[in-house]
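The values are calculated or read from the model by the stated rules, or taken from the named source; none is laboratory data. What you see is a predicted model, and the numbers here were worked out from it, not measured in a lab. Positions of Cβ are backbone-derived with ideal geometry, glycine not excepted, and every protein chain shown enters the neighbour counts.
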Amino acid sequence: MKIHEYQAREILSGYGVPIPHFEVVDDSSDARRVAEGIGSMVVVKAQVHVGGRGKAGGVKLAQTPGEAEAHASAILGMDIKGLKVEKVMVADAVDIDREYYVGIVVDRASKRPVYMVSVAGGVDIEEVAATTPERIHKHPVDPEDGLSLADAQELAEKLDTRPHVARDIAVVVEKLYEAFIGSDASLAEINPLVVTPDEQVWAVDAKINIDDNALFRHPDIEAMRDPSSETDELRRAREMGLSYIKLEGDVGCIVNGAGLAMTTMDVIKYYGGEPANFLDIGGSSSPEKMQTAIDIITGDPNVKSILLNIFGGITRCDDVARGLVAALRERPVGLPLVVRLTGTNAENAMRILAEHELESAETMDEAVEKAVELARRQA
Amino acid sequence: MSIFLDETTRVCVQGITGRDGSFHTRAMVEYGTNVVSGVTPGKGGQEMDGIPIFNTVGEAVNTTEANATIVFVPAKFAAGAAMEAVESGAKLVVFVSEGVPTLDVAKIYKRTKELDVRMIGPNCPGIISPGKSKLGIMPGFIHSQGGIGVVSRSGTLTYEVVDCLRRSGMGQSSVIGIGGDPIIGTSFIDTLEAFEKDNETEAVVLIGEIGGTDEEQAAEFIRARMTKPVVSFIAGRTAPPGKRMGHAGAIIAGGKGTAQEKMEALAAAGVPVADRPSEIPGLLKTALGR
């Protein structure tokens, strides 16, 4: 789960990372008030779940409270990569002498957290990794023993050789790791970590992504979920245990299993069609789940045909068929529907579906070809 | 032969009285798996279908000489259960549970290396050595014994591929789903290495998906170390970047982990890449010169 920058700042602040004073507002006059309170230069930043806010005009410096109000007014309501800005953060803009990067990710290859620090702070770290990888210093952390003080000190000294500055950075390095572990993050980074001309250390921008699998033990972080960052369909899908991603094509698909769902999309493309979505119904299949899946897909005006591709394993095909029948009884879809059910209890499933006039297919290729053709005819 | 699992494997089921655990225990027993014990804390001393139940994995393993466990414990308690399994003395742990926190898996993984335990998963369908034993949730009846090894990051997509093999009359030595999470116990390379050594396996199907660089590493291993033919399929060539496609591990992040890169790496290692699962049997036949 992604959280907003201001929420990441709150978490880090709770662990004792030095963060310049900030407040979050949804009204430009409040932005003025906050800037007056700070009494020096401030930065006004859009709080949306996308990168590249600065380039999109969502981050502005303001010398005066009036300017802060004007910027907030311009940024609030702005559309950044399809997301409407509902909140801005107004923060004390500290003077910058040097900018560093410190961050931790779960590394799949070494199967442990990896600390990354770089003197090339303030820019996109992926760009640094791509162009000048030698400027990133990596340090794998033992998942059980954690990060030692000596490790933190060593990482800090890679960034700044002035002893007292390195000591302050080491504290941040350590606290960031504590926050990473404590919040079950998949990524936690401070970029930039700023050293001011008078040699103070501040975390100026913060980003934390949380491991969805661990949210059950962090109700406080779950409560940070921003409903406005999710479309209605996405929220409905998530609450029903469906994994849904909207795409641009016209063949809607409902599949069990993520790998098979991606493959179904690929095969749709192979037969000259375009998938309208990724939708994985997961391991079980109640009528409510099926109903929700069908509602979400038929709610997309681009969809011209629907393909149900189920390979029963843990999911039983007759359960899916019953769910489908219940869903269709509730509300006919009004679009051509191709059903392919195979695997566990497939025969029962076909019996259940026999009395309904549905287009069926034995193999995935056959089913996809039919669905693509039906979509084409509707177009 | 087969890899990791055969008819001699003695299995303990963790979470045996749960909804999934009991259902799949019965399916495994029906398939012929030698299930010798089960674990449900608080139900020690009871039985399920004549299978003795214990409170802890340690007790179950000691008493019934189980050398493998399968974990069906719900997400919140799964990591604890898997750690218990790894420390129980069993040498194979099939970790089926999904939704396990990644940092917990990192700790368990470290322990598997210290104790030399083979962990498969988490969030995986498990492993089947057709005709011998099934330690997982896959539908047994689509499988048949033969010379094709299958390794995959996915669940139902693996069944799809096995079904294609079945239609072409090609049996399997072992079929293993390694799981779709960012940190997993058994990698493509571990499995390829075992298939290379296994005298029943003639050729291997590698089923990958977007995200991470496991397929690229597998390609390098195949190029340098495999003598048996490998064919592959990569799911997610139409997946948009930055979106998590169901599996926590299936995401194109920072322009990395695309299907294109993986297909190129495999092709460069001499591995034919199918456009669709149904093309896999044909590629295998060509690779085997049939």
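Give the residue, chosen from A:Lys269, A:Lys289, A:Lys304, that is at pLDDT 95 or above and over 24 Å from B:Glu209 (Cα atoms).
Details: A:Lys269 fails: over 24 Å from B:Glu209 (Cα atoms); A:Lys289 fails: at pLDDT 95 or above.
Of the residues listed, the single one that is at pLDDT 95 or above and over 24 Å from B:Glu209 (Cα atoms) is A:Lys304.
Can you find, within region B:89-128, the residue that is nearest to A:Ser186 (Cα to Cα) among those that are touching a strand residue (DSSP E or B) at 6+ places or on another chain (Cβ under 7 Å) and of a type in the set (Gly, Ala, Ser)?
B:Ala106
The rows are residues; the columns are (1) at positive phi; (2) charged (D, E, K, R); (3) within 17 Å of the chain's Cα centre (by Cα); (4) modelled with pLDDT of 95 or more.
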{"residue": "B:Phe23", "(1), (2), (3), (4)": "no, no, no, no"}
{"residue": "B:Val39", "(1), (2), (3), (4)": "no, no, no, yes"}
{"residue": "B:Phe54", "(1), (2), (3), (4)": "no, no, no, yes"}
{"residue": "B:Val71", "(1), (2), (3), (4)": "no, no, yes, yes"}
{"residue": "B:Ser88", "(1), (2), (3), (4)": "no, no, no, yes"}
{"residue": "B:Phe95", "(1), (2), (3), (4)": "no, no, yes, yes"}
{"residue": "B:Val100", "(1), (2), (3), (4)": "no, no, yes, yes"}
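Yes or no: B:Met119 within 14 Å of chain A (Cβ to nearest Cβ), not in a helix (DSSP H, G or I) and not polar (S, T, N, Q)?
Spelling it out, B:Met119 is indeed within 14 Å of chain A (Cβ to nearest Cβ), not in a helix (DSSP H, G or I) and not polar (S, T, N, Q).
Scan region B:257-290 for residues that are surrounded by fewer than 17 Cβ atoms within 10 Å (Cβ to Cβ), closer than 23 Å to B:Tyr159 by Cα and either polar (S, T, N, Q) or in contact with a Leu (Cβ under 8 Å, 6 or more places away or on another chain) (or both) and report the count.
So the count comes out to 1.
So which residues in region A:118-146 are away from chain B (no Cβ under 13 Å) and not in a strand (DSSP E or B)?
Scanning region A:118-146 gives A:Val119, A:Ala120, A:Gly121, A:Gly122, A:Val123, A:Thr132, A:Glu134, A:Arg135.
Tell me, yes or no, whether region B:236-256 has at least one residue that is more than 9 Å from chain A (Cβ to nearest Cβ), crowded, with 20+ Cβ neighbours inside 10 Å, of a type in the set (A, V, I, L, M) and over 22 Å from A:Leu247 (Cβ atoms).
Checked against the condition, which is being more than 9 Å from chain A (Cβ to nearest Cβ), crowded, with 20+ Cβ neighbours inside 10 Å, of a type in the set (A, V, I, L, M) and over 22 Å from A:Leu247 (Cβ atoms), region B:236-256 yields no hits at all.
Quick check on region A:264-293: of everything there that is at the interface with chain B (Cβ under 10 Å from one of its Cβ atoms), under 22 Å from the mean Cα position of the chain (by Cα) and over 28 Å from B:Arg19 (Cβ atoms), which residue is surrounded by the most Cβ atoms within 10 Å (Cβ to Cβ)?
The residue in question is A:Met265.
Pairs, please: C-beta under 6 Å, at least 6 apart or cross-chain, first residue of a type in the set (Gly, Ala, Ser) and in region A:214-242, second part of a loop (DSSP other than H, G, I, E, B)?
Sorted first by the residue in region A:214-242, then by its partner, the pairs are A:Ala214/A:Asp184; A:Ala214/B:Pro101; A:Ser228/A:Glu86; A:Ser229/A:His49; A:Gly241/A:Gly282.
Filter region B:122-148 down to residues that are among the polar types (S, T, N, Q) and not in a strand (DSSP E or B), then give me how many there are.
2
Would region A:188-206 turn up any residue that is within 23 Å of B:Gly249 (Cβ to Cβ), within 14 Å of chain B (Cβ to nearest Cβ) and without any contact (Cβ under 8 Å) to a residue 60 or more places away in the chain? Spell out the reasoning first.
Here is the first cut: in region A:188-206, the residues within 23 Å of B:Gly249 (Cβ to Cβ) are A:188-189.
Now drop any that are not within 14 Å of chain B (Cβ to nearest Cβ), which leaves A:188-189.
So of that shortlist, the ones also without any contact (Cβ under 8 Å) to a residue 60 or more places away in the chain come out as none.
No - not one qualifying residue is present in region A:188-206.
Between residues in region B:227-247 that are in the same structural domain as B:Gly282 (by TED's automatic domain parsing) and residues that are among the hydroxyl-bearing types (Ser, Thr, Tyr) and modelled with pLDDT under 95, which pairs lie under 6 Å by C-beta distance while being six or more apart or on different chains?
These pairs meet every condition: B:Gly246/A:Ser243.
Looking at this structure, is B:Thr201 at pLDDT 95 or above, in a loop (DSSP other than H, G, I, E, B) and either in contact with a Leu (Cβ under 7 Å, 6 or more places away or on another chain) or within 25 Å of B:Pro125 (Cβ to Cβ) (or both)? Give the derivation first.
On the way: at pLDDT 95 or above: yes; in a loop (DSSP other than H, G, I, E, B): yes; either in contact with a Leu (Cβ under 7 Å, 6 or more places away or on another chain) or within 25 Å of B:Pro125 (Cβ to Cβ) (or both): yes.
Yes.
Quick check on this structure: which one of B:Val100, B:Val151, B:Val73 is part of a strand (DSSP E or B) and touching a helix residue (DSSP H, G or I) at 6+ places or on another chain (Cβ under 9 Å)?
Being part of a strand (DSSP E or B) and touching a helix residue (DSSP H, G or I) at 6+ places or on another chain (Cβ under 9 Å) holds for just one of B:Val100, B:Val151, B:Val73, which is B:Val151.
Just to be sure I understand the filter: pairs with C-beta atoms under 6 Å, separated by 6 or more residues or on different chains, first member in region A:304-323 and within 15 Å of A:Thr363 (Cβ to Cβ), second member of a type in the set (D, E, K, R). Which pairs pass?
A:Asn309/A:Arg340; A:Phe311/B:Glu160
Please report, ordered by residue number, the helices (runs of 4 or more DSSP H) entirely within region A:173-290 with at least 1 residues that are small (Gly, Ala, Ser) and assigned by TED's automatic domain parsing to the domain that holds A:Leu335.
By residue number, A:232-239, A:258-270.
Right, A:Glu362: touching a strand residue (DSSP E or B) at 6+ places or on another chain (Cβ under 9 Å) and either within 28 Å of B:Gly21 (Cβ to Cβ) or part of a loop (DSSP other than H, G, I, E, B) (or both) or not? Show your work before the answer.
Numbers: touching a strand residue (DSSP E or B) at 6+ places or on another chain (Cβ under 9 Å): yes; either within 28 Å of B:Gly21 (Cβ to Cβ) or part of a loop (DSSP other than H, G, I, E, B) (or both): yes.
Criteria met by A:Glu362.
Among the candidates B:Thr186, B:Thr191, single out the residue that is in a helix (DSSP H, G or I), within 24 Å of B:Gly257 (Cβ to Cβ) and polar (S, T, N, Q).
It is B:Thr191.
For B:Lys113, work out the one condition from (1) part of a strand (DSSP E or B); (2) surrounded by fewer than 24 Cβ atoms within 10 Å (Cβ to Cβ); (3) basic (Lys, Arg) it doesn't fulfil.
(1)
Taking region B:193-216 as the region of interest, how many residues are within 15 Å of the chain's Cα centre (by Cα), under 24 Å from A:Met262 (Cβ atoms) and either among the charged types (D, E, K, R) or surrounded by fewer than 23 Cβ atoms within 10 Å (Cβ to Cβ) (or both)?
The number of residues fulfilling the criteria is 2.
Going by the structure shown, is A:Ile310 outside any helix (DSSP H, G or I), touching a helix residue (DSSP H, G or I) at 6+ places or on another chain (Cβ under 6 Å), on the phi < 0 side of the Ramachandran plot and within 14 Å of chain B (Cβ to nearest Cβ)?
On the way: outside any helix (DSSP H, G or I): yes; touching a helix residue (DSSP H, G or I) at 6+ places or on another chain (Cβ under 6 Å): yes; on the phi < 0 side of the Ramachandran plot: yes; within 14 Å of chain B (Cβ to nearest Cβ): yes.
Yes, satisfied.
Scanning region A:100-117 for residues that are within 10 Å of another protein chain (Cβ to nearest Cβ) and assigned to a strand (DSSP E or B), which turns out farthest from the chain's Cα centre (by Cα)?
Across region A:100-117, the extreme among qualifying residues is A:Arg112.
Quick one: in region A:81-99, of everything that is among the β-branched types (Val, Ile, Thr) and in a strand (DSSP E or B), which residue is nearest to B:Gly212 (Cα to Cα)?
A:Val88
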